[in-house]
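Data block below; observations after.
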Amino acid sequence: MAKAVESSGELGTTSPRPLFAGLSDISISQDIPVEGEITIPMRSHIREFDSSTLNESVQNTIMRDLKAVGKKFMHVLYPRKSNTLLRDWDLWGPLILCVTLALMLQRSSVDSEQDGGPQFAEVFVIIWFGAVTITVNSKLLGGNISFFQSLCVLGYCILPLTVAMLVCRLVLLAEQGPINFMVRLFVVIVMFAWSIVASTAFLADSQPPNRKALAIYPVFLFYFVISWMILTFTPQ
Amino acid sequence: MAAVDDLQFEEFGNVTTTPAENPDATTINIEGPDESPMHQPGPPRGSGGEEDDELLGNEDSDKTELLAGQKKSSPFWTFEYYQTFFDVDTYQVFDRIKGSLLPIPGKNFVRLYIRSNPDLYGPFWICATLVFAIAISGNLSNFLIHLGERTYHYVPEFRKVSIAATIIYAYAWLVPLALWGFLVWRNSKVMNIVSYSFLEIVCVYGYSLFVYIPTAVLWIIPQKAVRWILVMIALGISGSVLAMTFWPAVREDNRRVALATIVAIVLLHTLLSVGCLAYFFDAPEMDHLPTVTAAPNQTFVAAKAS
């Protein structure tokens, strides 16, 4: 190293030599191996930025996304404190759930009475505007969760309520009556509690500790309104 | 503040004249123009602040002015600006709700609980809860009232949610706007000691609506007398919170204007509660017959006659 410094320090005294020309004279001692592999710690399924995913078949792409969505569904159904929903957020699952729920909740256009149940657009808007409002609220209170992560969690935690809607629709095929109503009420209450527990497990850690209740209450209100819409659904 | 004397800023005059006397010498003036004025208000601030406190009637007006000045420093297009309106903890929100439920005569809600930290969390979410409470309770109460009738087919009445939302949010934001504009206009004519910012008025209105949430739930009970008693109680509580908050702001004014303002505030509040009761909750029939076995025609005629 000293040799190179000396040779590059001789400015203007000898004939001009290229900079660092003496570096090639440096010999690295053989007993300091400078070889190996540099690895960047990557997430388990980071997408490579070359065209390897571009060439794969459409089925592969769809199956990969479906598997990711399905994995998150499992995380919602068995909520543990994990980061999967937050780390690899996606909005496909919430979209599928929201569309399913809105399709099942909308009143049929056959009866055009004034005060029926919600329309498809009303359910859609309530779910998405409600989720956005809760996210903005939790960010304004000082939570350190990103916008889309929060939307992802709130959307995925509608899954128990969608299951409740399916069960209610099946139960409504039977004869109506108080027992019918009690069964539906029980199912909706259980699924509502499940949604709250699941979303709290994912969201509570990102809030400042003295404002947790302030951030969780709107989630409670949101799922309560959706549960109410499910419970009061009456087929024509 | 002995350090002030040590710094000896009176040497300014000597320093500035040296370039004229000795042009070759370089004088470096590190004293900024905005630093010397700060030392003058230092000593008088301690004694003058207490006089201001007594005039305004606030214990810590100096501190709150400083705090208010420090808070809103971000420009309004940044996110941090809006975060200052959500700078409340859970216990503070509970305290404010408790203050709106238990109005202590003589105590001002704004001065006691808000203290230059108005938040938008309370008004927004209390209004949202109230919207759904009224819509759901109205629906439930109608269902229970018409339960036995053969011709009654339950509908969720979802359209009423949007109507309720429009009414409640318009009341909670437009009435404070009008009141604030009115108070500012009167302030320009009569120098009032107490004046509220727009957000503080929104805050008071938002928290005063909290008492209507349990009232709406209790309105499910299909008895006229019970409902009107509830209206009286709720109106008494929230009306008194509003009246006690705004009386100090208008009492310096012309007597009639002050009274008219307070009456208008309470009247609008009454209008809101009675209007919600009338629109969302069907009148319970006093002579409602649980017709289970009657023919549909007879039931319809009986229901129409009552």
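The values are calculated or read from the model by the stated rules, or taken from the named source; none is laboratory data. Worth saying up front: this structure is predicted, and the values here are computed from it rather than measured. With ideal geometry, Cβ positions are generated from the backbone for all residues, glycine too; neighbour counts draw on all protein chains shown. Accessible surface is based on the protein model in full, side chains and every heavy atom, while ligands, DNA and RNA are left aside. Shrake-Rupley method; radii C 1.70, N 1.55, O 1.52, S 1.80 Å.
At-a-glance table
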{"quantity": "Protection-proxy order for peptides B:86-92, B:183-189, each taking the mean of Cβ atoms within 10 Å per residue, highest first", "calculated": "B:86-92, B:183-189"}
{"quantity": "Inter-chain Cβ neighbour average for residues B:155-163, partner chain, 10 Å", "calculated": "6"}
{"quantity": "Average accessible area per residue (Å²) across the stretch B:79-282 - probe 1.4 Å, nucleic acids and ligands excluded", "calculated": "44 Å²"}
{"quantity": "Stokes-Einstein translational diffusion, the stretch B:79-282 - Kirkwood Rh over all Cα pairs, 1.306 mPa s, 10 °C, in µm²/s", "calculated": "88 µm²/s"}
{"quantity": "Percent carbon-and-sulfur accessible area, the stretch A:82-205, ignoring ligands, DNA and RNA, probe 1.4 Å", "calculated": "73 percent"}
{"quantity": "Threshold 40 Å² - residues in the stretch A:211-235 whose accessible area is reduced by that much or more when the chain is no longer isolated, probe 1.4 Å", "calculated": "A:ARG211, A:LEU214, A:TYR217, A:LEU221, A:VAL225, A:TRP228, A:THR232, A:THR234"}
{"quantity": "Interface area, A with B, accessible, probe 1.4 Å, both sides summed, Å² nearest 100", "calculated": "2600 Å²"}
{"quantity": "Accessible surface of the stretch B:79-282 [probe 1.4 Å, protein heavy atoms]: carbon and sulfur percent", "calculated": "71 percent"}
{"quantity": "The stretch B:79-282, relative contact order in percent, only Cα pairs under 8 angstrom and at least six apart counted", "calculated": "31 percent"}
{"quantity": "Cα centroid of the stretch B:179-200 to Cα centroid of the stretch A:170-209, whole Å", "calculated": "48 Å"}
